[in-house]
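The values are calculated or read from the model by the stated rules, or taken from the named source; none is laboratory data. All figures in this text were calculated on a predicted structure; none of them were measured in a lab. Virtual Cβ from ideal backbone geometry, glycine too; neighbours counted across all protein chains shown.
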């Protein structure tokens, strides 16, 4: 008869789970021993449970199945929280198996005792403590089904004296996922009437349409509609898309904002873009989303269709009339092409020296030390990385540079903490991605602040021979916070980081470390990074004063930058 721990491990292996992430501990010893004896599942011992939760979430997003992490009694489980909140916010199915004190000690304030059911009540859609073997397989089935159905987080807590007990119940059985929901034909007809009555249409397309690429491109063509992509829609929808005009929001560009402002109808497809200030006003809005709870929660909607994106777009294509006037599309895509040309100039490593008088004057003020521009790092990574690379990005300026200079062509994938906005996510997510396929390129865009927050888990890459490529934008700053302070007219404060030579640190940890400070050496450094067969870190010392301006810059923003820079200059002269 299998034990409780063996029942759990066999069940997740049957689901296709290939890795469990965590730190070993006494309460979960029966579970880790069951993993040791299960050939289909690899245990990955991280240095911090938060990294394990991020890695498990990354695997779930990439594989489409359950991600699994573990934390033992008290602090071990607490450390999982940030990575689990990221999974919750990104709607990622993750099961956390958490240790607990022995049954007889529950409620006694025993050493390390924490009330897990209370602790995880907000982050987990399902949480329960197994107090008897007879509760299996029911509690495990509920936990897994809730995580997959949400999708979201489930937490199953095992007291230290329960995992090794015999489980008398039958093996767990899990239901198949529901079929995609078709749209109401009457709503499709109503949406078509709104679109047909408008002179111009702009599409705002999110990750919910990634499986509907053919249909959304066909609709954009028929409606002569520019397509603003959310960051998560870059994957699968950006490459070879003549209608795409980039992103909106703080990481966006003026062409995307022009497209949003000049469309009579805003047609939202598969997106819950979370920034209300960046939506246009005074438009007719039609929203297509598989979840009715998303309809209208970011901007007022005239018509909502809660259904599968591909099925709805297929029906809408049959219902709408073609628009002959393509002036709106042409104006938006031309603006996007012009903006990209200007950005490409910045991405040239020789920009400050060879870019003409304007480039030299600009560099005198914002890059007097002739440091590497982060745009150049991102663009060269894009050129050297393979067409099936998986990219992860830390929250902040690393995401800005990737969004603007890395094209998700081929079968490239993209992961980040794009809903929670956590620091330190990129490297742990890269660990999860690389463990799924050690022969596929995985590239982590890390800020120096994010990387050093969970620096110890570089050792996990070494220990498990995970050949990820860690690209560090080393500007000695918390760059996005610096930008926010200066935009508000405040002098930079508290953002400076006293970084070591991160390449030397990487070498001490067992990785291959490359440091580059001269723009002229950047291309060779990246060639070395992508040629190395094992885990490697590039420490690119970049310009800390690089500014990524948002697409809408108000006079107050410019005034804020001016005041901040004046204050910083005066203080530096004291």
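The set of residues from segment 61-75 being crowded, with 22+ Cβ neighbours inside 10 Å and without any contact (Cβ under 8 Å) to a residue 60 or more places away in the chain comprises 68, 69, 70, 71, 72. Residues considered: 171, 178, 183, 151. Of these, the only one that is part of a loop (DSSP other than H, G, I, E, B) and within 27 Å of residue 24 (Cβ to Cβ) is 171.
When segment 470-491 is filtered for residues that are modelled with pLDDT under 90 and in contact with a strand residue (DSSP E or B) (Cβ under 8 Å, 6 or more places away or on another chain), the ones remaining, listed by number, are 478, 479. Only one of the listed residues (131, 146) is in a loop (DSSP other than H, G, I, E, B) and assigned by TED's automatic domain parsing to the domain that holds residue 10. That residue is 131. Checking each residue of segment 83-94 against the condition of being assigned to a strand (DSSP E or B), in the same structural domain as residue 35 (by TED's automatic domain parsing) and in contact (Cβ under 8 Å) with a residue 60 or more places away in the chain gives at least one match.
For segment 297-308, the set of residues classified as part of a loop (DSSP other than H, G, I, E, B) and over 24 Å from residue 199 (Cβ atoms) consists of 297, 298, 307, 308, listed by residue number.
On the given criteria, is residue 122 surrounded by fewer than 19 Cβ atoms within 10 Å (Cβ to Cβ) and under 23 Å from residue 79 (Cα atoms)? When the stated conditions are applied, residue 122 passes them.
Number of residues in segment 32-45 that are assigned to a helix (DSSP H, G or I) and either within 11 Å of residue 19 (Cβ to Cβ) or more than 30 Å from the chain's Cα centre (by Cα) (or both): the value is 4. Being touching a helix residue (DSSP H, G or I) at 6+ places or on another chain (Cβ under 9 Å), assigned to a loop (DSSP other than H, G, I, E, B) and modelled with pLDDT of 95 or more is true of residue 466.
Are any residues in segment 478-507 within 22 Å of residue 429 (Cα to Cα) and not in a loop (DSSP other than H, G, I, E, B), and if so, which ones?
Answer for segment 478-507, where residues must be within 22 Å of residue 429 (Cα to Cα) and not in a loop (DSSP other than H, G, I, E, B): 479, 480, 502, 503, 505, 506, 507.
Screening the candidates 87, 55, 96 for the property of being surrounded by 24 or more Cβ atoms within 10 Å (Cβ to Cβ), in contact with a strand residue (DSSP E or B) (Cβ under 6 Å, 6 or more places away or on another chain) and closer than 16 Å to residue 12 by Cα yields one hit, 96. Within segment 479-504, the residues that satisfy the criterion of being under 27 Å from residue 389 (Cβ atoms) and within 26 Å of the chain's Cα centre (by Cα) are 479, 480, 499, 502, 503.
Results for (1) out of contact with any helix residue (DSSP H, G or I) (no Cβ under 7 Å at 6 or more places or on another chain); (2) outside the structural domain of residue 520 (by TED's automatic domain parsing); (3) over 27 Å from residue 403 (Cβ atoms); (4) at pLDDT below 95, shown as yes or no for each residue.
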position	(1), (2), (3), (4)
303	no, yes, yes, no
311	yes, yes, yes, no
325	yes, yes, yes, no
330	yes, yes, no, no
351	no, no, no, yes
